[in-house]
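Report on the structure given below.
The values are calculated or read from the model by the stated rules, or taken from the named source; none is laboratory data. Please read all numbers here as calculations on a predicted model, not as lab measurements. A quick note on method: Cβ atoms are made from the backbone with ideal geometry, for glycine too, and the neighbour counts reach across all protein chains shown. Heavy atoms of the whole protein, side chains included, go into the accessibility calculation; ligands, DNA and RNA do not. Shrake-Rupley method; radii C 1.70, N 1.55, O 1.52, S 1.80 Å.
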Amino acid sequence: LQPAIEFADPVVKQVCVINFDTNGNGELSFKEAAAVTEISSQIFKSVSNEIKTFNELEYFTGITRINKSTFYDCPNLLCVKLPENIITIEDYAFKGCTSLSSINIPNKTMIVGWEAFNDCDNIVDITIPNSVTEIKYRAFYDCDNLSHITIGGNVSVMGTSAFGSCGNLESVTINNGVTTIGNNAF
């Protein structure tokens, strides 16, 4: 018997069981989660207003990217814990997650896509790890409460308006190595 993941959010559990429960027991084991290699961009579309937490995403260790628009317009999503193997956070992945208050960008992530966190109004602090080489156009645009940013030293491209319209910025730390900062980046 494989141990089951205990989901904090029953809606997220239901979606995950429907899509990834390969043995049909109505639960999702750690092994089943680890075997998932992709989460469709449409998976949460019908329940986007209902989901609140998905920290259990960290157990989906076979995933290497958060697909385009996966969590797009999930206004009540408070927290997500990304698996450590994430290389790319694609365009619009978390756009419009206005309640999202924190996000861990894993140390293997290399690209943060166009408008990936646009309109994530409740993020206060963000740390971009050294693994990130590209922060695309408007990646954190209009994050109203973003006040502290730390950017790793391997970012070679910071797109136009990457952190634009973040009116509450108090501190920005850019480590040595950043080579290109786009127009209106801050």
Name every residue in region 18-38 that is surrounded by 17 or more Cβ atoms within 10 Å (Cβ to Cβ) and under 19 Å from the mean Cα position of the chain (by Cα), in order of residue number.
ALA33, VAL36
Tell me, which residue of region 158-182 that is among the aliphatic types (A, V, I, L, M) and buried (at least 16 other Cβ atoms within 10 Å of the Cβ) is farthest from ASN104 (Cα to Cα)?
ILE181
Which of the residues belonging to region 159-175 are among the β-branched types (Val, Ile, Thr) and either within 18 Å of ASP119 (Cα to Cα) or in contact (Cβ under 8 Å) with a residue 40 or more places away in the chain (or both)?
THR160
What are the residues in region 69-78 that are among the polar types (S, T, N, Q) and either under 21 Å from GLU6 (Cβ atoms) or open to solvent by less than 30 Å² (accessible area, probe 1.4 Å) (or both), if any?
THR70, ASN76
Enumerate the pairs (first residue in region 55-67 and among the β-branched types (Val, Ile, Thr); second residue anywhere and open to solvent by 20 Å² or more (accessible area, probe 1.4 Å) and part of a helix (DSSP H, G or I)) with beta-carbon separation below 8 Å, excluding pairs fewer than 6 apart on the same chain, so at least 6 apart or on different chains.
THR61/ALA34
Name the residue that is nearest to ALA34 (Cα to Cα), counting only residues in region 1-17 that are open to solvent by 80 Å² or more (accessible area, probe 1.4 Å) and assigned to a helix (DSSP H, G or I).
GLN14
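Can you work out which of the residues in region 44-68 that are of a type in the set (S, T, N, Q) and either buried (at least 20 other Cβ atoms within 10 Å of the Cβ) or assigned to a loop (DSSP other than H, G, I, E, B) (or both) is nearest to the chain's Cα centre (by Cα)? Give the derivation first.
The first filter runs over region 44-68 and keeps only residues of a type in the set (S, T, N, Q), leaving 46, 48-49, 53, 55, 61, 64, 67.
With either buried (at least 20 other Cβ atoms within 10 Å of the Cβ) or assigned to a loop (DSSP other than H, G, I, E, B) (or both) added as a condition, the list becomes 48-49, 61, 64, 67.
Details: SER48: 15, ASN49: 17, THR61: 14, THR64: 12, ASN67: 10 Å.
This residue is ASN67.
Within the group LYS108, LYS95, LYS45, LYS31, which residue is over 30 Å from SER161 (Cα atoms) and among the charged types (D, E, K, R)?
Values: LYS108 fails: over 30 Å from SER161 (Cα atoms); LYS95 fails: over 30 Å from SER161 (Cα atoms); LYS45 fails: over 30 Å from SER161 (Cα atoms).
Testing whether each residue is over 30 Å from SER161 (Cα atoms) and among the charged types (D, E, K, R) leaves just LYS31.
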Taking SER41 and the conditions (1) outside any helix (DSSP H, G or I); (2) at pLDDT 95 or above; (3) not aromatic (Phe, Trp, Tyr), which numbered condition does it fall short on, given that it satisfies the others?
(2)
